[in-house]
Amino acid sequence: AYKIAADELVLSGGGELLFHTMAVGLVLRDPGDPADPAGRTIDAVVVESKSGRGAIRGRIFIDASGDGDLATWAGAPVEVSEKLLYPSMMFRINGVDPVRAGEAWRTVATLMEEAEAAGTHTFPRKKPIVRPQRHPIEWRSNLTQLSNADGSPVDGTDVRQLTHGEIQGRRQVRDAFEFIRTATPGFEGSYIVDIAPQVGIRETRRVIGAYQLTEADIRGCVDFPDTIGVNGWPVEAHVEGDVEFRFPYAEDSRGFNQLPFRMIVPQGVTNLYAVGRCASMTQWGQSSARVTGPCFVMGQAAGTAADLALSAGVFVGDVDVPELQRRLTADGAYLGTDLPADAANDDEETRAVSA
């Protein structure tokens, strides 16, 4: 349903979809162009597909590659952490007896801890996330951790490491599921219904933009004057063998931080926004704001800002921010500048639900 809705949303807005196509490079505008004497403007993105090689020209581009591909090729400053967040391979289990399974999200974790303590099993990471889906006979499983032979995280920009990680991930899925099926009540007749079509990469390159979102911003529930939306996810650091969750400093916090427009504006390129997990964030800021909700926020803001930049004839970082905020609000975005209408009562329970 989501895929169909996404197709129709783009097509109904006049967009053109081009599936099965990969960006492989770009062309910068001639440095001699009087409109851009420094040659910092992207003229076209080079793509490859079954139809061969082509070029897509544009006036503004949005890098939602996750890996900062366009930003890197355009010469914008990017950084890579000394040790990346570990990737995972997710899978879904069907055929679960929900009555017997009960609160199996707790049971599975306990059983895995006991098996490791007894020395009968070794699992790639602690804190398994095994949760029922809309239909309780189906559960999603996030409990793998993908590493190279030396224990370092698989790098999503290295095709050989990606291939290794995908093979390793499927092996981990097989082993983890066999343990869950045999050890967990309610899972005796279950089966794997599907394994993710590709490795789930959490971090590779990050753009260095006009502002880098930090862990302190996340945990301090910080406001920004150029807010484009909010993020309510904690710091989720996938470190070696474990997952570290770091929540807001204040126990009675509202539970979310604002996201600044500046974090989607790379340095050194006049017509490029960068959104998603490659936006401008420190490693621990990114370990929170890389998830789906804030990615939606950044994508909507970049699309709206691109329209404003084109209309005004300005560089991407010079758009009228108050007008951008007005447009986003009119389109239903929540910028975190006040409580939503259904959360007018400023009591702790209401703020928790709102967040």
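For first residues located in the stretch 276-304 and of a type in the set (Lys, Arg), partners that are buried (at least 18 other Cβ atoms within 10 Å of the Cβ) and in a helix (DSSP H, G or I) and lie 6+ apart or on another chain with Cβ distances below 7 Å form the pairs Arg277/Gln286; Arg290/Arg277. Hey, any hits in the stretch 39-48 for a residue that's closer than 23 Å to Ile201 by Cα and in contact (Cβ under 8 Å) with a residue 12 or more places away in the chain? Scanning the stretch 39-48, I find at least one residue that is closer than 23 Å to Ile201 by Cα and in contact (Cβ under 8 Å) with a residue 12 or more places away in the chain, so the answer is yes. For the stretch 226-233, does any single residue satisfy the condition of being at pLDDT 95 or above, of a type in the set (Gly, Ala, Ser) and over 19 Å from Val96 (Cβ atoms)? Within the stretch 226-233 (the criterion being at pLDDT 95 or above, of a type in the set (Gly, Ala, Ser) and over 19 Å from Val96 (Cβ atoms)), the answer is yes, since at least one residue qualifies. The residues listed here are Phe261, Phe245; of these, the one that is within 30 Å of Val154 (Cα to Cα) and either at pLDDT 95 or above or out of contact with any strand residue (DSSP E or B) (no Cβ under 8 Å at 6 or more places or on another chain) (or both) is Phe245.
Checked against the criterion of being more than 30 Å from Trp73 (Cα to Cα), of a type in the set (Val, Ile, Thr) and crowded, with 18+ Cβ neighbours inside 10 Å, the stretch 210-233 contains not a single residue that satisfies it. The conditions of being farther than 30 Å from Ile129 by Cα, modelled with pLDDT of 95 or more and open to solvent by 80 Å² or more (accessible area, probe 1.4 Å) are met by Leu18. Against the conditions (1) surrounded by fewer than 18 Cβ atoms within 10 Å (Cβ to Cβ); (2) touching a Leu at 6+ places or on another chain (Cβ under 7 Å), Pro197 satisfies every one except (2). When Ala117, Ala74 are screened for being over 20 Å from the mean Cα position of the chain (by Cα), crowded, with 17+ Cβ neighbours inside 10 Å and at pLDDT 95 or above, only Ala74 passes. Take the stretch 83-101 and flag every residue that is in a strand (DSSP E or B), more than 15 Å from the chain's Cα centre (by Cα) and surrounded by 20 or more Cβ atoms within 10 Å (Cβ to Cβ). Selection gives Phe91, Ile93.
Suppose we filter the stretch 125-156 for residues that are out of contact with any strand residue (DSSP E or B) (no Cβ under 7 Å at 6 or more places or on another chain), over 16 Å from Leu111 (Cβ atoms) and either open to solvent by less than 70 Å² (accessible area, probe 1.4 Å) or not basic (Lys, Arg) (or both); how many remain? Give the derivation first.
Going through the stretch 125-156, the residues out of contact with any strand residue (DSSP E or B) (no Cβ under 7 Å at 6 or more places or on another chain) turn out to be 128, 134-136, 148-152, 155-156.
Cutting the leftovers down to over 16 Å from Leu111 (Cβ atoms) gives us 134-136, 148-152, 155-156.
Now restrict to residues that are either open to solvent by less than 70 Å² (accessible area, probe 1.4 Å) or not basic (Lys, Arg) (or both): 135-136, 148-152, 155-156.
Result for the stretch 125-156: 9.
With the requirement that a residue be closer than 18 Å to Tyr273 by Cα, open to solvent by 40 Å² or more (accessible area, probe 1.4 Å) and part of a loop (DSSP other than H, G, I, E, B), what does the stretch 313-343 give you? Across the stretch 313-343, the qualifying residues are Gly313, Val314, Phe315, Asp320. Within the span defined as the stretch 76-91, every residue fails to be in contact with a strand residue (DSSP E or B) (Cβ under 6 Å, 6 or more places away or on another chain) and without any contact (Cβ under 8 Å) to a residue 24 or more places away in the chain.
When the stretch 221-255 is filtered for residues that are at positive phi and within 16 Å of the chain's Cα centre (by Cα), only Gly229 remains. Examine the stretch 302-312 for a residue that is modelled with pLDDT of 95 or more and not in a helix (DSSP H, G or I), and state whether such a residue exists. The answer is no, given that none of the residues of the stretch 302-312 is modelled with pLDDT of 95 or more and not in a helix (DSSP H, G or I).
Restricting the search to the stretch 146-182, which residues are among the charged types (D, E, K, R) and outside any helix (DSSP H, G or I)? Let's see the steps before the verdict.
From the stretch 146-182, those among the charged types (D, E, K, R) are 150, 155, 158, 160, 166, 170-171, 174-175, 178, 181; that's our starting set.
Once the filter is applied, which keeps residues that are among the charged types (D, E, K, R) and outside any helix (DSSP H, G or I), the stretch 146-182 yields Asp150, Asp155, Asp158.
When the stretch 53-74 is filtered for residues that are more than 30 Å from Glu138 (Cβ to Cβ) and either part of a strand (DSSP E or B) or out of contact with any strand residue (DSSP E or B) (no Cβ under 8 Å at 6 or more places or on another chain) (or both), the ones remaining, listed by number, are Arg53, Gly54, Ala55, Ile56, Arg57, Arg59, Phe61, Ile62, Asp63.
The values are calculated or read from the model by the stated rules, or taken from the named source; none is laboratory data. Remember, it's a predicted structure, so these values are computed and weren't measured experimentally. Note that we place each Cβ from the backbone using ideal geometry, even for glycine, and neighbour counts take in every protein chain shown. Remember, those area values only see protein heavy atoms, side chains included, never the ligands or the DNA or RNA. Shrake-Rupley method; radii C 1.70, N 1.55, O 1.52, S 1.80 Å.
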